[in-house]
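Engineer: First, the structure itself, so that you have it in front of you.
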Amino acid sequence: MPEQRPQLVKGNLQLFSVDQQRSQALEAHAASFAQYKVPGNENPSTLISFATKTLNAGQITSKLHVIELGAQPGKPSFTKKQADLFFPPDFADDFPVAMQMSHKYSLIYVITKLGLLFVYDLETASAVYRNRISPDPIFLTTEASSVGGFYAVNRRGQVLLATINEQTIVPFVSGQLNNLELAVNLAKRGNLPGAENLVVQRFQELFAQTKYKEAAELAAESPQGILRTPDTVAKFQSVPVQTGQTPPLLQYFGTLLTRGKLNAFESLELSRLVVNQNKKNLLENWLAEDKLECSEELGDLVKVGYTPDYLFLLQTILRADPQGAVNFALMMSQMEGGCPVDYNTITDLFLQRNLIREATAFLLDVLKPNLPEHAFLQTKVLEINLVTFPNVADAILANGIEDPDIHFKYIEAAAKTGQIKEVERVTRESNFYDAEKTKNFLMEAKLPDARPLINVCDRFGFVPDLTHYLYTSNMLRYIEGYVQKVNPGNAPLVVGQLLDDECPEDFIKGLILSVRSLLPVEPLVEECEKRNRLRLLTQFLEHLVSEGSQDIVLQNSAFSGNFNLQNLLILTAIKADPSRVMDYINRLDNFDGPAVGEVAVEAQLYEEAFAIFKKFNLNVQAVNVLLDNIRSIDRAVEFAFRVEEDAVWSQVAKAQLREGLVSDAIESFIRADDATQFLDVIRASEDADVYHDLVRYLLMVRQKAREPKVDSELIYAYAKIDRLADIEEFIRCLMLLISKMLLAITLVKLKQFQGAVDAARKANSAKTWKEVCFACVDAEEFRLAQICGLNIIIQVDDLEEVSEYYQNRGCFNELISLMESGLGLERAHMGIFTELGVLYARYRPEKLMEHIKLFANRLNIPKLIRACDEQQHWKELTYLYIQYDEFDNAATTIMNHSPEAWDHMQFKDVAVKVANVELYYKAVHFYLQEHPDLINDLLNVLALRVDHTRVVDIMRKAGHLLLVKPYMVAVQSNNVSAVNEALNAIYVEEERL
């Protein structure tokens, strides 16, 4: 037994080969043998399966192995398989004691000491089932071959019989385990019910993929013969036969014959094929081998004086031998008394199987007399060749014929035969085809190349129809090619149709920018304005302005609340007319302050930049403009007194220090509570001989950082101003502190954790607290670790280190307890509240919402938003977005994760505050799909914000215009034509004239 874990029992087996007369030691607890037939090898392979549970590098590893013993040379071998044996935590010390093979179902049963049963598939080593079958230890098992299970005896003397439930095992594997392939294999091996739908579905998939051999094998092996039906035979009969290939129907019958006996219907169908081909010797052999099931119908297959069913015979021969069918059809055409089957019927049979050449050969032969009654067939043979060989029609076109039907027929024939280049050429060059008819045909044909359709629609003014077709067919690259290379002047029409089709804005914007100067501006603006989508043109208009273009669109009334256009106006003024910038800054509120302010600084408009930063409460950037650009320390000090922000005072202090105003700088650093610049302050103070001020600053610094340089300079400053008593007190305290720190570390090494905590309390050093805390965590002294942790987490910089240390060691509950205790500390800060929220999101989601609601004002909301997003807590994420005034994100989260996050009243409150107008219409779609009964309530709330025409269009396209009748009645006073027309249509339909 391993010394590290004495309770883990080791397993050892000895494997002996009779053929080789030698043995091999095997580290395993249980093993068993099985015979398995590898595909492609007619001889069965001997497999051994064994279970192990070992301790490696301190980790327990439990495995099930399946390998082949003595691989057969030159034959396909079994691929080694292995799988994990998962023991629940309560069974950590359990181990396998027996293994039994189910030869009936090809399953492996692994039985453990404490009564656990593991069931695995022999072929794939896939886990099938795990459960405890006995509360008492099991010590003996044996196979129960008749039921495919095993017997077991436990300590109480009970004899247990375990096997699978034949009625439920296949549905369990396919449904609960979601392993369809294993479910089908189990059903085939054990002839089990429950896989009917799976087998039929798999058969249909193979058939659709033209894998007829695999489909035949699946049908032959189908459990309980569910696929051995007349429908299956008919399905194989319906497959067209390719020249030189074995008919799928014969493949099917051949597969069945290799596996056993045919049923009555299969025997009858196969015999018909053999009799028609006059191969009676095959029938005799199969009857002698008992491969056919005899029946009355089989006996009546051949009768004296029988009149053949020529149509059936022709259909049968067509499936097996197309050329033979041609000969048979010609033979019938030469029979005395005339052909027993109509020529047109024969031709259709060939064409139904796409046997164009065979149909042509038959018709050319029988039409040699050139009889008048054969006029229809003569036309038919011409149509066949017109579709099959378009060069014939090309010659007709070259002769100058201007018949639109001929031109259309040529386009149709070329499209059906895949000659796309010819279709493109004719649609581009010909002036005689019917444009409307050709457009409709090309749309229905759904060609992979859209250039022919582009030619027709561009030449004859069907651009909106073209755009709608290309977008709905996901042929976006052809839309790009049309507006960029074919006809940029029609780009406005394309954009308008894309907007009607609700195409994503990113694609439309990219399309517009790709055309740029070639795009006519006025028609584009008109198309967007008709649909109330002027904001879509922001990037395009920015491009125009950057090139010096002037456009009337910037004066549109939609500008007043438009974020991007306000940015554009100010930026343009900075470059073109700086005198108007300050006026715009004062009048406009909805622009990007940080970005615009930086641009103003780069343009040397410092007062304007200061005004922007001040307006957006970006006080650090504002004071930097005063200091670095305007160079007025007095104004900066005045501004710092007004805003009273540490970061602002810090910037002022640095500037004062650079200008040699050392005493003022020290005063500012103290106000900023900034200890980061102590080296520069020390140097400047020594140069200016202001040691009294330096002492004040260094005492503040020592409260934040323990630096030898600070201590040394403080002693020196005390000496310079003759404060010798302070020097003595300072040195005494330092020595006492160091001794306490060393004592705490020593007690940790001695494992005296209580004493170490007491010493750390006296030392009161963050470093000492951390060393003692981490040592207590490692020793699982969590009560003492919490005492230490409470003294560490009050420091923002050390909080994350403590949290990671606990989490890396899996001490989640103890860490949560520590953070919860930290909430009540006098020096509790935002980091503690936020970290506890993150921990709740990861490990205690049931407490997350309560925590957020209680301490929303003390949380770092962006950090907690990221944690909730990662852990998929959508309801809590929505609440955080609302608290952070991120209403767009809140609305998007509610709609994307409505089962968890949606609440009608909350959504209405959020919807009226979103900034992105498109979310209004996305909300309309969302309510239409998921909450149609509340859509009028939502629309009444959004009535002042949505475009009523667009809402009516959305509902009309969805076919639910009547659903929003109350909303339309409510907004009818706005006299919107679309609303009036919709209501009038409804009233007419309701006969309310």
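Engineer: If you go through region 38-47 one residue at a time, how many are more than 40 Å from the chain's Cα centre (by Cα) and part of a loop (DSSP other than H, G, I, E, B)? It would help to see each step written out before you state the result.
Structural biologist: Here is the first cut: in region 38-47, the residues more than 40 Å from the chain's Cα centre (by Cα) are 41-47.
Still in the list and also part of a loop (DSSP other than H, G, I, E, B): 41-44.
Qualifying residue count, region 38-47: 4.
Here is a yes/no grid of residues against (1) among the charged types (D, E, K, R); (2) within 30 Å of Asn940 (Cα to Cα); (3) in contact with a Leu (Cβ under 9 Å, 6 or more places away or on another chain):
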{"residue": "Ala828", "(1), (2), (3)": "no, no, no"}
{"residue": "Phe833", "(1), (2), (3)": "no, no, yes"}
{"residue": "Leu839", "(1), (2), (3)": "no, no, yes"}
{"residue": "Leu864", "(1), (2), (3)": "no, no, yes"}
{"residue": "Cys868", "(1), (2), (3)": "no, no, yes"}
{"residue": "Leu880", "(1), (2), (3)": "no, yes, yes"}
{"residue": "Glu886", "(1), (2), (3)": "yes, yes, yes"}
{"residue": "Thr893", "(1), (2), (3)": "no, yes, yes"}
{"residue": "Lys908", "(1), (2), (3)": "yes, yes, yes"}
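Engineer: When both residues are 6+ apart or on different chains and their Cβ atoms are under 7 Å apart, which pairs have a first residue that lies in region 97-111 and is outside the structural domain of Ile133 (by TED's automatic domain parsing) and crowded, with 22+ Cβ neighbours inside 10 Å, and a second that is part of a strand (DSSP E or B) and modelled with pLDDT of 95 or more?
Structural biologist: Matching pairs, first to second residue: none at all.
Engineer: Looking only at region 69-85, which residues are out of contact with any strand residue (DSSP E or B) (no Cβ under 7 Å at 6 or more places or on another chain) and loosely packed, with under 14 Cβ neighbours inside 10 Å?
Structural biologist: Pro73, Gly74, Lys75, Pro76, Thr79
Engineer: What are the residues in region 657-681 that are among the aliphatic types (A, V, I, L, M), at pLDDT 85 or above and within 58 Å of the chain's Cα centre (by Cα), if any?
Structural biologist: Leu657, Ala665, Ile666, Ile670, Leu679
Engineer: Cβ contacts < 8 Å: first residue within 12 Å of Ser222 (Cβ to Cβ), restricted to region 179-197; second residue in a helix (DSSP H, G or I) and among the acidic types (Asp, Glu), any location; separation 6+ or different chain. Result?
Structural biologist: Within 8 Å, the pairs are Lys188/Glu221.
Engineer: Scan region 452-466 and give yes if some residue there is modelled with pLDDT of 90 or more, closer than 20 Å to Phe540 by Cβ, touching a Leu at 6+ places or on another chain (Cβ under 6 Å) and assigned to a helix (DSSP H, G or I), otherwise no. Step through it out loud before you land on a result.
Structural biologist: Taking region 452-466 and keeping what is modelled with pLDDT of 90 or more, we get 452-466.
Pick out the ones that are also closer than 20 Å to Phe540 by Cβ and you get 463.
With the extra rule that they be touching a Leu at 6+ places or on another chain (Cβ under 6 Å), the set shrinks to 463.
Restricting the remaining residues to those that are assigned to a helix (DSSP H, G or I) gives 463.
Looking through region 452-466, at least one residue is modelled with pLDDT of 90 or more, closer than 20 Å to Phe540 by Cβ, touching a Leu at 6+ places or on another chain (Cβ under 6 Å) and assigned to a helix (DSSP H, G or I).
Engineer: For Ala98, work out the one condition from (1) part of a strand (DSSP E or B); (2) farther than 19 Å from Ala152 by Cα; (3) not polar (S, T, N, Q) it doesn't fulfil.
Structural biologist: Ala98 satisfies every listed condition except (2).
Engineer: Being exposed (fewer than 14 other Cβ atoms within 10 Å of the Cβ), modelled with pLDDT under 85 and either small (Gly, Ala, Ser) or assigned to a helix (DSSP H, G or I) (or both) is the requirement here; does Ala719 meet it?
Structural biologist: Details: exposed (fewer than 14 other Cβ atoms within 10 Å of the Cβ): yes; modelled with pLDDT under 85: yes; either small (Gly, Ala, Ser) or assigned to a helix (DSSP H, G or I) (or both): yes.
Here the answer is yes, as Ala719 does meet what is asked.
Let's see how each residue does on (1) crowded, with 16+ Cβ neighbours inside 10 Å; (2) out of contact with any strand residue (DSSP E or B) (no Cβ under 8 Å at 6 or more places or on another chain); (3) not hydrophobic (A, V, I, L, M, F, W, C):
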site: Lys913; (1), (2), (3): no, yes, yes
site: Asn916; (1), (2), (3): no, yes, yes
site: Tyr921; (1), (2), (3): yes, yes, yes
site: Leu934; (1), (2), (3): no, yes, no
site: Leu938; (1), (2), (3): yes, yes, no
site: Leu944; (1), (2), (3): no, yes, no
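Engineer: While we're looking at this one, here's another question. Condition check: at pLDDT below 90 and of a type outside the set (S, T, N, Q). Does Leu519 satisfy that? If you could, list the steps in order and put the result at the bottom.
Structural biologist: Numbers: at pLDDT below 90: yes; of a type outside the set (S, T, N, Q): yes.
Spelling it out, Leu519 is indeed at pLDDT below 90 and of a type outside the set (S, T, N, Q).
Engineer: Of the numbered conditions (1) under 30 Å from Lys720 (Cα atoms); (2) more than 48 Å from the chain's Cα centre (by Cα); (3) crowded, with 18+ Cβ neighbours inside 10 Å, Glu686 satisfies every one except a single condition; which is it?
Structural biologist: Unmet condition: (3).
Engineer: Kindly indicate which of Ala923, Ala915, Ala890 is among the small types (Gly, Ala, Ser), under 12 Å from Trp874 (Cβ atoms) and either in a loop (DSSP other than H, G, I, E, B) or in contact (Cβ under 8 Å) with a residue 12 or more places away in the chain (or both). Quick ask: steps written out before the conclusion?
Structural biologist: On the way: Ala923 fails: under 12 Å from Trp874 (Cβ atoms); Ala915 fails: under 12 Å from Trp874 (Cβ atoms).
After ruling out the rest, the residue left standing is Ala890.
Engineer: When you go through (1) at pLDDT 90 or above; (2) out of contact with any helix residue (DSSP H, G or I) (no Cβ under 7 Å at 6 or more places or on another chain) one by one for Val128, which number turns out not to apply?
Structural biologist: Condition (2) is where Val128 drops out.
Engineer: Related question: Being in a loop (DSSP other than H, G, I, E, B) and not β-branched (Val, Ile, Thr) narrows it down to one residue among Leu939, Leu944; which is it?
Structural biologist: Working: Leu939 fails: in a loop (DSSP other than H, G, I, E, B).
Only one candidate qualifies: Leu944.
Engineer: Okay, moving on. Does region 231-242 contain at least one residue that is modelled with pLDDT under 75, over 30 Å from Leu180 (Cα atoms) and within 44 Å of the chain's Cα centre (by Cα)?
Structural biologist: Filtering region 231-242 for residues modelled with pLDDT under 75 gives 241-242.
Pick out the ones that are also over 30 Å from Leu180 (Cα atoms) and you get 241-242.
Filter once more, so that each one left must be within 44 Å of the chain's Cα centre (by Cα): 241-242.
Yes, region 231-242 contains a residue that is modelled with pLDDT under 75, over 30 Å from Leu180 (Cα atoms) and within 44 Å of the chain's Cα centre (by Cα).
Engineer: For region 101-212, which helices (runs of 4 or more DSSP H) that fit wholly inside it have 2 or more residues that are small (Gly, Ala, Ser)?
Structural biologist: In region 101-212, 169-175, 180-190 are the helices (runs of 4 or more DSSP H) which contain 2 or more residues that are small (Gly, Ala, Ser).
Engineer: Write out, first by first residue and then by second, each pair whose Cβ atoms fall under 9 Å of each other, whose residues are 6+ apart or on separate chains, and whose first residue, in region 198-225, is under 11 Å from Ala187 (Cβ atoms) while the second is exposed (fewer than 13 other Cβ atoms within 10 Å of the Cβ).
Structural biologist: Cβ pairs passing all conditions: Glu221/Arg259.
Engineer: Follow-up question, since we're still on this one. Among Leu351, Leu311, Leu363, Leu367, which is the only one that is touching a His at 6+ places or on another chain (Cβ under 7 Å) and without any contact (Cβ under 8 Å) to a residue 60 or more places away in the chain?
Structural biologist: On the way: Leu351 fails: touching a His at 6+ places or on another chain (Cβ under 7 Å); Leu311 fails: touching a His at 6+ places or on another chain (Cβ under 7 Å); Leu363 fails: touching a His at 6+ places or on another chain (Cβ under 7 Å).
Result of the check over Leu351, Leu311, Leu363, Leu367: Leu367.
Engineer: A follow-up question, please. Which residue out of Gly489, Gly496 is at pLDDT 90 or above and either among the small types (Gly, Ala, Ser) or surrounded by 18 or more Cβ atoms within 10 Å (Cβ to Cβ) (or both)?
Structural biologist: Testing whether each residue is at pLDDT 90 or above and either among the small types (Gly, Ala, Ser) or surrounded by 18 or more Cβ atoms within 10 Å (Cβ to Cβ) (or both) leaves just Gly496.
The values are calculated or read from the model by the stated rules, or taken from the named source; none is laboratory data. Keep in mind the model is a prediction, meaning the values are calculated, not measured. Note that we place each Cβ from the backbone using ideal geometry, even for glycine, and neighbour counts take in every protein chain shown.
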